[in-house]
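Notes follow the structure.
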Amino acid sequence: MSLVLCCAASEAGAEPFIGQFELKNLESERGAFEFQSQNARMWGQPPRRLVEGPDGVVLDENSVTRGRYALELEMGFTRTVKMRFGVEFEEERFEEADSILQANAFDDLTLSEIGAEIIVVLAPREGDGGGFGLVAEIETPVDRDESSALSLGPILEFRSGRWFAAAIPMVVYAFGGEAEPGERIDNKWDFAYATQLAYTFSERWSLALEGYGTVERLGRTGHPSESARMFGDFNQHRVGPVVYYARPFGGSGAGDSDEGGDDRATLTIGLGFLQGLNRHTAEHTLKLSIEIDF
């Protein structure tokens, strides 16, 4: 096979949806703000698959990145409604490769998406017990040729003493973008999830086991591209430990008094290692989250 892909084909189909590796929560308060920096570094990525098609070489459409970095601002409007806006930067694998050597290469870090979400708390969780809410999120790529994603699903939480569990199952609708001549836009539905089981050791330290994944193309939704018809769909699953450290700082109160503690900002840092569970997922993911509530 030649080193040059004279007719490299990228059908501009919708890749499997891979969300940020974070747990959305049911904490909402009027006038509250939260700044978030969600970061992930991946290595051991699955190799690119390619085959000779009738019009040239066809490349797979798995979602593969080397680095993802998101900046978000969350605003609470009431105890039951909050919104979030953010941007995401990625080091993505080249969609269209000029050579076989470039098929597994990554582009420079660039702004890839802007997004917004709304969370409605239907059953607040007060201390121990369960809570329930709904989340709707839309992510739009900067590259208008790519598909946008609308995510919808419940937020489930439960706490018992030092133990805490959460699950967010979502359906994700891919829509828009551009299709290659002779192809249709792949408006498909994916299933994505985020789960957490955490144990709190003290006011500052907690340890969690977290899992994130995507099942691409529910049923026969969408219109698979030539690449999707050749290689099939790509599911991704990750799981691993994450340690969290929380510390209050600033505020109008003096020292560590209770009167000042409620008004101070809180810094929470999470550091974890997620292991890929199948051949379509990067083998290792390093997760770093930085959150400031104020």
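Since every read-out is calculated from the coordinates, none of them should be taken as a lab result. Note that the structure is a prediction, hence the values are computed from the model and not measured. Here the Cβ is made from the backbone with ideal geometry for all residues, glycine too, and neighbour counts use every protein chain on show.
Observations on the structure shown:
- Estimated distance in nm for a label pair at His223 and Val243, the labels positioned 7 Å out from Cα along Cα-to-Cβ: 5.2
- Those residues of region 265-292 whose amide nitrogen sits under 17 Å from the label point placed on Phe33, 7 Å along Cα→Cβ: 265-268, 291-292
- Anchor Lys287: lysines whose Cα lies under 27 Å away (excluding residues fewer than 8 positions away in-chain): Lys24, Lys82
- Inter-part distance where region 39-70 and region 204-231 are each reduced to a Cα centre, Å: 14
- Evaluated with a Cβ-only charge set (Lys, Arg +1; Asp, Glu -1), region 77-220 carries a dipole of roughly 1260 debye about its Cα centre, given to the nearest 20.
- Projecting the Cα atoms of Val87, Ser37, Gly131 onto the charge dipole of region 33-293 (Cβ charges, centred on the Cα centre) puts Gly131 farthest toward the positive pole.
- Projected onto their three principal axes, the Cα atoms of region 57-167 cover extents of 57, 28, 21 Å, largest first.
- Using only Cα coordinates, the Kirkwood hydrodynamic radius of region 152-292 works out to 18.2 Å.
- Model label sites at Ile269 and Arg49, defined 7 Å from Cα along the beta-carbon direction, differ in position by 4.1 nm.
- Peptides 16-23, 29-36 ranked from most to least packed give 16-23, 29-36, packing being the mean of other C-beta atoms within 10 angstrom over each peptide's residues.
- A cut-off under 12 angstrom between Cβ atoms defines the neighbours of Trp163, and their net charge, with Lys, Arg +1 and Asp, Glu -1, is 0.
- Between Asp190, Asp98, Asp60, the GNM of the chain built on Cα springs shorter than 10 angstrom shows Asp98 fluctuating the most.
- When the helices of the chain are scored as -39500 (n - 2.57) per DSSP H run of n ≥ 4 and the total is divided over every residue, the value at 222 nm lands at -500 deg cm²/dmol.
- Total charge dipole magnitude, region 33-293, about the Cα centre, Cβ charges on Lys, Arg, Asp, Glu only, Debye to nearest 20: 1000
- Rounded D (µm²/s) - the chain, Kirkwood Rh over Cα pairs, Stokes-Einstein at 20 °C, 1.002 mPa s: 105
- Cα-projected label distance for Asp143 with Asn278, points at 7 Å along beta-carbon direction, nm: 2.4
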